[in-house]
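Chemist: Below is one structure. I have some questions about it.
The values are calculated or read from the model by the stated rules, or taken from the named source; none is laboratory data. Since the model is a prediction, treat every value here as computed from it, not as a measurement. For neighbour counting, all protein chains shown are included, and Cβ atoms are generated from backbone atoms with ideal geometry for every residue, glycine included. For accessibility, only protein heavy atoms count, side chains too; no ligands or nucleic acids. Shrake-Rupley method; radii C 1.70, N 1.55, O 1.52, S 1.80 Å.
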Amino acid sequence: MDRLDREILGILQEDARISYRDLGARVGLSANAAGDRVRRMRRDGVIRGFTVIVDPAADTRSGLVVFIDVSLRLDTTNEEFERSVLMLPGITEVVHVTGGHDYLVRATAADPGALDALLRRLKREAGVAHSNTRIALRAAPKH
């Protein structure tokens, strides 16, 4: 990867839908040359894919989007927790973190009752001693 590839990656992270013509114009290449570089980076695994980021408030199908700070019981290992929590419905991300908690879990729940059931299962089945849950109200748009 060279300086142009890194510049292209930065632009694509801001707007993955930019045309090759506009991308090339921003980095001083033709549309074909910009497209060739993007295709090469995809083929080489540098670019693993493109995604859509949806505002949780706009996605009415997913219900609640929640962030759960988790502290494990003393008898629960990280490996046991990770294996268990990833089997639960609605879990979208599990991150081992520093600070006052052991993990940050991102999940979706259809409604408050489903969130309550998820929290109970985390404690019963995944070895969670304490949790602190926050509900996403909206996501700020990335410009």
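Chemist: List, in order, the whole-Hz ³J(HN,Hα) value for each residue of segment 94-104 obtained from phi through the Karplus relation with A = 6.51, B = -1.76, C = 1.60 and θ = phi - 60°; use x for Gly and Pro.
Modeler: Each residue of segment 94-104 in turn: 9, 10, 6, 10, 8, x, x, 10, 8, 9, 10 Hz.
Chemist: State the percentage of accessible surface on the chain attributable to carbon and sulfur atoms; use a 1.4 Å probe and exclude ligands, DNA and RNA. Walk me through the numbers on the way to the answer.
Modeler: Working: 4850 of 9600 Å².
C and S fraction of accessible area: 50 percent.
Chemist: Right, something else. How large is the helix-only mean residue ellipticity at 222 nm for the chain, computed as the sum of -39500 (n - 2.57) over DSSP H runs with n ≥ 4, divided by its residue count, in deg cm²/dmol to the nearest 500?
Modeler: Working: 5 runs with 55 residues, N = 143.
About -11500 deg cm²/dmol.
Chemist: Can you run phi through the Karplus equation (6.51, -1.76, 1.60; θ = phi - 60°) for segment 70-87 and list ³J(HN,Hα) in whole Hz, with x for Gly and Pro?
Modeler: 10, 10, 7, 5, 4, 8, 10, 8, 4, 4, 4, 4, 4, 4, 6, 5, 6, 7
Chemist: May I have the extent of the alpha carbons of the chain along their three principal axes, as whole Å values ordered from largest to smallest?
Modeler: Projected onto the principal axes, the Cα atoms of the chain cover 58, 33, 25 Å.
Chemist: While we're here: Quick one: accessible area per residue over the chain, 1.4 Å probe, rounded to a whole number of Å²?
Modeler: Numbers: 9600 Å² over 143 residues.
Per-residue value: 67 Å².
Chemist: Next up: Note down the magnitude of the dipole of the chain about its Cα centre, charges +1 on Lys and Arg C-beta and -1 on Asp and Glu C-beta and zero elsewhere, to the nearest 20 debye.
Modeler: Numbers: 22 positive and 20 negative charges, 85 e Å.
Once rounded to the nearest 20, the dipole reads 400 debye.
Chemist: With +1 assigned to the C-beta of every Lys and Arg and -1 to the C-beta of every Asp and Glu, and no other charges, what is the dipole magnitude of segment 54-133 about the Cα centre in debye, to the nearest 20? Don't skip to the answer; put the middle values down first.
Modeler: Numbers: 8 positive and 12 negative charges, 43 e Å.
Once rounded to the nearest 20, the dipole reads 200 debye.
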